[in-house]
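The structure appears right after this line, and notes come after that.
Every number in this text was worked out from the coordinates using simple rules, so none of it is lab data. Fair warning: this is a prediction, and the values are worked out from it, not measured in the lab. Note that we place each Cβ from the backbone using ideal geometry, even for glycine, and neighbour counts take in every protein chain shown.
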Amino acid sequence: MYQEHFKLQEAPFSLTPDPDYYYNYTGHQQALNVLLIALQSGEGLIKITGEVGTGKTLLCRKLLAALANDFQTAYLPNPLLTPFELYQALAEELGVTVPLGVTMHDLVKRITEQLVGLHQKNKKAVLCIDEAQAMSQESLEALRLLSNLETEKLKLLQIVVFAQPELDEMLAGSSLRQLRQRITFSYDLPALDREAVTGYVKHRLKVAGHEDGNLFGVAALDAIYRSSRGIPRLVNILCHKTLMVAYGQGQTVIDLLYVKMASRDTEDATPLSRSLLAGKSFYLTVGVITLLEIVLVVYLLQSVFL
C-alpha cells in the first residue's frame, strides 16, 4: 500500500514470523544461546515462555534454521492434538511411514527405530513445539513419555517447547510434576526496552529496503514504545498503522500525532496521554480523522490510479 511512498521494497511490519526480519536484541539472543548450548550438550527438555506477541514463533523458526545442518528437526506449530495424533505428527516429521490402522504401540516402536537409526548416523533429533500452552494434560504427559526415549548415555529425542505463561500454571499442578522435573533449561522472553524498540523499528525498515531506517522521529518512537509496552507484535501493528496514516495524509515524516491515532485504533495498545499533544495545533486538523477514514481514502486513491 505505502511501500513506494516511503521508498520500501516490501511491507516492513508484517505479522508473519519471517526469519529475514529477526532482530538480534538481548532477550532473543540470550534465549537462542540457551537453546543452542542446551541442545548441543544433549539436554532432554527445554522450555521457552513469553507473553503474547514477544516473538516466540520467530525465535523457533530462527532455531530451526540454525539447527538445519546438524540436527534432524521436527516442528509442530499446532499442538492441539491427542496423544496419538501427537505421536503420529512426530512420526511424519521424522519421515516415518505411518500405515492406516497403526496402533499406539507400533507407532512408538517405529518412532524409536527411526531415532535409533539417526543416532547411529551421529544425527541428533529435536522436536520443537510452538504454542505448547494449548496442549491438554494428556498430551503433555505423552510428551513426557517421549522424553524417555534414550540410550544408556543420551537422549534419542530432545524437545523444545515454546509457550505462553499459561503453560507454567499448568506445570505447577501436581499431575504434571514429573514433566516439570524433566525441564532442564528454561528461559522467559522479555519485552523490548526503549532502546531495543528503536533498533527493532529501524532494523525492519532497513530489511524492507529503506536507506537508513530513519522514518520515525524520536518522539514517535518513544510513543510507540510506551503504547506497545515493548511487545514486538504491537510494535509492528502500531508502526504499520502509523505509516498508513502518514501515507493517507501524503506525509513522509512520521509525526507523533500519527502514532497517537494508530494507538487509539489498536485494541491492546496502552492509551497515550493527551498531554503528549499539548500545544500541537495539528491535532485540531487531523486528530478528528479516524484511521478507518484514512484507510478508505488510501484505497480510493489507489483505485483511481491503478
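Assuming charge only on the beta carbon of Lys and Arg (+1) and of Asp and Glu (-1), the dipole of the chain about its Cα centre is about 460 debye to the nearest 20.
Taking every alpha-carbon pair under 8 Å whose residues sit at least 6 apart, the stretch 26-189 reaches a relative contact order of 38 percent. Looking at the chain, the DSSP beta bridges with both ends there are about 5 percent antiparallel.
Converting phi to 3J(HN,Hα) with the Karplus coefficients 6.51, -1.76 and 1.60 and the offset θ = phi - 60°, the stretch 259-268 yields 5, 4, 5, 5, 5, 5, 8, 10, 4, 8 Hz in sequence order, with x at every glycine or proline. Tell me, how many Å apart are the Cα centres for the stretch 110-128 and for the stretch 4-22? Between the Cα centre of the stretch 110-128 and that of the stretch 4-22, the gap is 37 Å.
Taking H placed 1.01 Å from N in the peptide plane, check which residues at least 5 places from SER186 or on another chain put their amide H under 5 Å from its amide H. Amide H to amide H, under 5 Å and 5 or more residues apart or across chains, SER186 pairs with LYS47.
Of all aspartates and glutamates in the structure, those lying under 14 Å Cα to Cα from LYS7, and not within fewer than 8 positions of it along the same chain, are GLU211, ASP212.
Extent along the principal axes, Cα only, for the chain: 73, 43, 33 Å, with the longest axis given first.
Neighbours of GLN40 by Cβ distance under 15 Å: Lys/Arg scored +1, Asp/Glu scored -1, total +1.
Pull up the DSSP beta bridges for the stretch 46-172 and report the antiparallel fraction as a percent, rounded to 5.
So the antiparallel bridges amount to about 5 percent of the total.
Taken about its Cα centre, the stretch 115-235 carries a charge dipole of roughly 400 debye when the Cβ of each Lys and Arg holds +1 and the Cβ of each Asp and Glu holds -1. Annotation for SER186 and ARG264: the two label points, set 7 Å from Cα along the Cα-Cβ direction, are 4.2 nm apart. With the convex hull drawn over the C-alpha atoms of the stretch 26-189, the volume per residue is 106 Å³. Count the lysine pairs in the stretch 39-174 whose Cα atoms sit under 16 Å apart, keeping only pairs 8 or more residues apart in sequence or on different chains. Lysine pairs meeting the criterion: 9. Rounded to the nearest 500, the 222 nm mean residue ellipticity of the chain from helices alone is -15000 deg cm²/dmol, with -39,500 (n - 2.57) taken per DSSP H run of at least 4 residues.
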